[in-house]
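Bear in mind these aren't lab numbers, they're just calculated from the coordinates by the rules spelled out. Just so you know, these numbers come straight off a predicted model, no measurement behind them. Because the Cβ atoms are built from the backbone with ideal geometry, glycine has one as well, and the counts that use them run over all protein chains shown.
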Amino acid sequence: MTYSVKEIFYTLQGEGGQAGTPAVFCRFAGCNLWTGREQDRSSAVCRFCDTDFVGTDGTLGGKFATADELAERILAQWPAQDSRHRMVVLTGGEPLLQVDAALIAALHARGFRIAVESNGTVAAPEGIDWLCISPKAGADWIQRSGQELKLVWPQPGFELQDIVAGTRFEHYFLQPMDNAGQQANIAACIEQCLQHPAWRLSLQTHKLTGIR
C-alpha cells in the first residue's frame, strides 16, 4: 500500500506513560472521526483535536510507496551514534487506518520499538510494542486492550470505573482537555485521580516546555 504521511520529526514524547522518551514521530494523514477541516469540526465525532493531520505537506511528509521506504526515512531521523534505544511513535490523525504488518516488520527490522497512538476504533495489528488508546465520546471504540489508555477529560458519556473494569490496559491516564477551561479541567482530572486511584494524571509536557 501507499502510506500518506503528514510529517516525520525527532523529539521527546510529550505525554502519557512514555513522556520524556526520545522518539521519531511519524504522523499519518487522515482520520475517521474528523476531516481535519475547521468548517467540519462542529459536526465531527471528535471536536477537540489539536493536531494538523491534513495532507502530506509537513516536515518530511509525503507519499511512501513501500514500507521499507517509509522505515528508511524514519531511521534517518534517529541519532546515528545510538542503535539501542530506537523508538518510533506512529500517530495521526488515526494511524491504524494505514499501519500494517509490512510497516511493523520493516520498523522492527531496523531495531525500532513501535508505539502507536490510536482512537481505538480500528483493531490493532499484531506486533505493536506500546499501544496507546485514546477513546472519544460517541465513537465505537473496539480496541480495549493495550499498554496505555489515555482519556482526554472531561468527556461526557464515560464512567471511569466502568472503563477500568471493561478493558485490559497496563496504565490508565486522565489528560486535561486543552481548551478555554483548561485550568478547571486540570483540577477535575486531579480530583478524579484522587477518587479513582487506578488513574494517573497525564500532562502535555511538550506544550509546557515548548518542544515539538
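Given their separation in residues at 0.36 nm each and the Cα-Cα distance between them, ALA102 and THR209 gain 35.0 nm when the chain is fully extended.
Per the Cα gyration tensor, the chain maps to an equivalent ellipsoid with semi-axes of 28, 19, 17 Å, ordered largest to smallest. Normalised by the number of residues in the chain, the mean separation of alpha-carbon contacts (under 8 Å, six or more apart) gives a relative contact order of 19 percent. Modelled spin labels at ASP40 and LEU60, positioned 7 Å past Cα toward Cβ, are 2.8 nm from each other. Per residue, the chain reaches -5500 deg cm²/dmol at 222 nm when only DSSP H runs of four or more residues are counted, each adding -39500 (n - 2.57).
Segment 1-48 and segment 91-125 have Cα centres lying 13 Å from one another.
Across segment 145-160, coupling constants 3J(HN,Hα) worked out from phi with the 6.51/-1.76/1.60 Karplus curve, θ = phi - 60°, read 9, x, 8, 8, 10, 10, 9, 5, 9, x, 9, x, x, 10, 10, 4 Hz, and Gly and Pro carry x. Taking trypsin sites (Lys or Arg not before Pro) across segment 1-99, the ones in a DSSP loop with at most 13 further Cβ atoms lying within 10 angstrom of their Cβ are ARG37, ARG84. Highest average first, the peptides 133-142, 92-101 ordered by how many other beta carbon atoms sit within 10 Å of their residues are 92-101, 133-142. Annotation for segment 91-156: GluC sites (Glu not before Pro) lying in DSSP loop with at most 13 further Cβ atoms inside 10 Å of their Cβ are GLU126.
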